[in-house]
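Contents: one structure, followed by commentary.
The values are calculated or read from the model by the stated rules, or taken from the named source; none is laboratory data. What you see is a predicted model, and the numbers here were worked out from it, not measured in a lab. Backbone-built Cβ (ideal geometry, glycine too); neighbour counts: all protein chains shown.
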Amino acid sequence: MLEEFNTIALRIAELLRARGEKIAVADGATGGLISASLLTVPGALSFYVGGGVVYSKAARDALYALGEDTYEGMRSATEEYAALQARAIRDNFGAEWGVAESGAAGSSKHPMGVASGRSCVGVAGPGGVLVTQLTETDSDDRIANMQAFTRRALEFLEATLASA
């Protein structure tokens, strides 16, 4: 799996390095696989600032440092939420780019009632770039969903960087 993701990560690294830009990552239902994929690239420090796995309210509050009122009326695993997270991780880590994924991998009940197999990724970049993508697998297979969410997030990030 990481070998496949490394192929995409190498292209992402090349795009970021060519611009002299860095990225911060907030993994959710991907469980750290987006970050892990980027970190398979030798010399990742040249483009990767850091990030974290946002799997609880405590992690969310620590990584984003946004007031509770910021989330009022918002649900996780939505495009609006992923966009907010992408901007916050980018800004809090001082990177040019932020990518954030929020979803429900499955095989257990999501605390906010999100259906298994749903993932939203947001990418925030310089010049007002802010794009999102929804993935729905219609599956409750946790491992397969984590892999699918990661693959789609990496592909979306690469496409966003390539078109920016």
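Would you be able to tell me the number of residues in the stretch 32-59 that are of a type in the set (Ser, Thr, Tyr), assigned to a helix (DSSP H, G or I), without any contact (Cβ under 8 Å) to a residue 40 or more places away in the chain and surrounded by 17 or more Cβ atoms within 10 Å (Cβ to Cβ)? Residues flagged as of a type in the set (Ser, Thr, Tyr), assigned to a helix (DSSP H, G or I), without any contact (Cβ under 8 Å) to a residue 40 or more places away in the chain and surrounded by 17 or more Cβ atoms within 10 Å (Cβ to Cβ) within the stretch 32-59 amount to 1. Take the stretch 131-164 and flag every residue that is part of a helix (DSSP H, G or I) and exposed (fewer than 15 other Cβ atoms within 10 Å of the Cβ). Across the stretch 131-164, the qualifying residues are Ile143, Ala144, Ala159, Ala162, Ser163. Taking the conditions (1) more than 14 Å from the chain's Cα centre (by Cα); (2) at pLDDT 90 or above in turn, Val53 satisfies each one other than (1). Taken together, Asp69, Asp91 contain a single residue that is surrounded by fewer than 20 Cβ atoms within 10 Å (Cβ to Cβ), outside any loop (DSSP other than H, G, I, E, B) and at pLDDT 95 or above, which is Asp91.
Every residue, every condition in (1) at pLDDT 95 or above; (2) under 14 Å from the mean Cα position of the chain (by Cα), yes or no:
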| site | (1), (2) |
| --- | --- |
| Leu15 | yes, no |
| Ala24 | yes, yes |
| Leu45 | yes, no |
| Leu63 | no, yes |
| Gly103 | no, yes |
| His110 | no, no |
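Report, by residue number, each residue of the stretch 113-140 that is touching a Gly at 6+ places or on another chain (Cβ under 6 Å) and in contact (Cβ under 8 Å) with a residue 60 or more places away in the chain. Matches in the stretch 113-140: Ser119 only. Scanning the stretch 112-136 for residues that are modelled with pLDDT of 95 or more and either in contact with a Pro (Cβ under 7 Å, 6 or more places away or on another chain) or polar (S, T, N, Q) (or both) turns up Ser119, Thr132, Gln133, Thr135.
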